[in-house]
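Structure first, then comments.
None of the figures in this text is laboratory data; all of them are computed from the coordinates on show. Here the structure is a predicted model, which is why all the values come from computation and not from measurement. Every residue, glycine among them, receives a Cβ derived from its backbone with ideal geometry; neighbour counts consider all protein chains shown.
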Amino acid sequence: MDWKTLMFTADGRIGRQAFWIAWLMLLGVNVVAGWIPLIGWAASLVTLFCFVCIYAKRLHDMGKSAWWQLLPILLGPVLLMGSVMWLVFGSAAIALGGGDPEIFALASVGGMVVAAVLGFLVTVGFTLWVGCAEGQTRDNRWGDPPLHALAV
């Protein structure tokens, strides 16, 4: 598999080694792109597409649908929206004369921190699962098993 196919198509399967090599390369590109204002943002969008492609191929190798990658993508915003709703409803309760504002403020900040940490842990856990789980050794509906080495 060549680099263009590895990074820019979601078809097929890749092994763990190819996933981690591509993942680390994309991480490096994102770190460098973060230093460049406008061009860096465009590069980050391209790398986001590449991340989706390598996760999809790795999930295919495990016999799973690429839609599984929506789990960490959607869970973070759901947790943060829950924290925001807690903040809004708690503020309304305090405005109506109930509750201690200091305790509510502390609980709100704590809730947002917990939501951010949980979102991060889910994303890290998902990446480790995708990157470390064994793929299927036989053919599946996404193609033949990948080679063990990344061909350049």
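Quick notes
- Put simply, the amide H of residue 62, placed in the peptide plane, has neighbours under 5 Å in 136, leaving out anything fewer than 5 places away on its chain.
- Cβ-Cβ FRET estimate between residue 121 and residue 91, R0 fixed at 35 Å, reported to 0.05: 0.80
- Selection of chymotrypsin sites (Phe, Trp or Tyr not before Pro), region 1-70, meeting DSSP coil and at most 12 other Cβ within 10 Å: 35
- Difference of contour (0.36 nm per residue) and Cα-Cα distance, residue 21 to residue 2: 5.6 nm
- 3J(HN,Hα) along region 48-62, derived from phi through the Karplus expression 6.51 cos²θ - 1.76 cosθ + 1.60 where θ = phi - 60°, amounts to 4, 4, 5, 4, 4, 5, 6, 5, 4, 5, 5, 5, 4, 5, 7 Hz, with x in place of Gly and Pro.
- Under the Karplus curve 6.51 cos²θ - 1.76 cosθ + 1.60, θ = phi - 60°, whole-Hz ³J(HN,Hα) for region 130-144, x wherever Gly or Pro sits: 5, x, 10, 5, 6, x, 6, 7, 10, 4, 9, 5, 9, x, 6
- Listed values [x] 1.11; [y] 1.06; [z] 1.14, entry calculated as Rg/Rh (Cα atoms, Kirkwood Rh): [z]
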